[in-house]
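Following: one structure in structure tokens, then a few remarks.
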Amino acid sequence: MRLALFDLDNTLLGGDSDHAWGDYLCERGILDGAAYKARNDAFYQDYLAGTLNLTDYLNFSLEILGRTDMAQLDEWHRDFMRDCIEPLILPKALALIEKHRTAGDKLVVITATNRFVTAPVVDRLGIDTLLATECEIVGGRYTGRTTDVPCFREGKVTRLNRWIEENGFNLEGSYFYSDSMNDLPLLEQVANPVAVDPDDKLRAEATRRGWPVISLRD
């Protein structure tokens, strides 16, 4: 079975779910809006520039999970899905997913954003398999720390290769759709790399290498 791999933020979604989660927490007064938003925006700019210190960002973004019980987090996430994620869902992205599903491909979302934020989003998109940055849970609560290899840059390749080995797949004929130059390590591994509404660096790289460049937002 051929693999169809998808980045999530700014690829299948018309925005960034991780950044939107931070905005949601601030807009509802759950976090100090001005202070959190300033740091969240700065980290996001670092991500876009390819200079993100992932450890610093994860410590910052997951802290709220460690001090909030699961029931409250689930309630917030339901509101977040309705108010923030639904408007970001792209009809052309749903059509692309369905095209690969109809072709009999194995659909996988592989994202740097943490599993707490992304699992309900990926479920909404109708995709069963998610590789994401993992959140540590001890005694039925999040600790506010990560576990396993973060699913970012070369970490995506590491996590995917492990999953492939454990599940009996390979990259023959595979596709990977992404918007970000941060995903170059994985784009270089697949048979069919596709740049989706790419950032300027990835657009230039895709053009240089002759990779397809598509838009799901037209």
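The values are calculated or read from the model by the stated rules, or taken from the named source; none is laboratory data. The structure presented is a predicted model; accordingly, all values stated were derived computationally and were not measured. Heads up, the Cβs are rebuilt from the backbone with ideal geometry, glycines too, and the neighbour counts pull from every protein chain shown. The area values use the complete protein model at the heavy-atom level, side chains included, leaving out ligands, DNA and RNA. Shrake-Rupley method; radii C 1.70, N 1.55, O 1.52, S 1.80 Å.
Overview of results
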{"read-out": "Matching residues in region 148-176 - criterion: being touching a strand residue (DSSP E or B) at 6+ places or on another chain (Cβ under 7 Å), outside any helix (DSSP H, G or I) and either of a type outside the set (S, T, N, Q) or free of Cβ contacts under 8 Å to residues at least 24 places away in the same chain (or both)", "value": "Asp148, Pro150, Cys151, Phe152, Phe169, Leu171, Tyr175, Phe176"}
{"read-out": "Matching option when the condition is among the hydrophobic types (A, V, I, L, M, F, W, C) and over 14 Å from the mean Cα position of the chain (by Cα), among Val117, Val121, Val138", "value": "Val138"}
{"read-out": "Subset of region 76-126 (residues that are of a type in the set (D, E, K, R), more than 28 Å from Cys26 (Cβ to Cβ) and open to solvent by 40 Å² or more (accessible area, probe 1.4 Å))", "value": "Lys92, Glu98, Lys99, Arg101, Lys106"}
{"read-out": "Hits in region 189-218 - residues which are among the aliphatic types (A, V, I, L, M) and open to solvent by less than 30 Å² (accessible area, probe 1.4 Å)", "value": "Val190, Val194, Ala195, Val196, Leu202, Ala206, Leu216"}
{"read-out": "Unmet criterion (only one of (1) free of Cβ contacts under 8 Å to residues at least 24 places away in the same chain; (2) within 26 Å of Leu58 (Cα to Cα); (3) surrounded by 21 or more Cβ atoms within 10 Å (Cβ to Cβ)) for Asp179", "value": "(1)"}
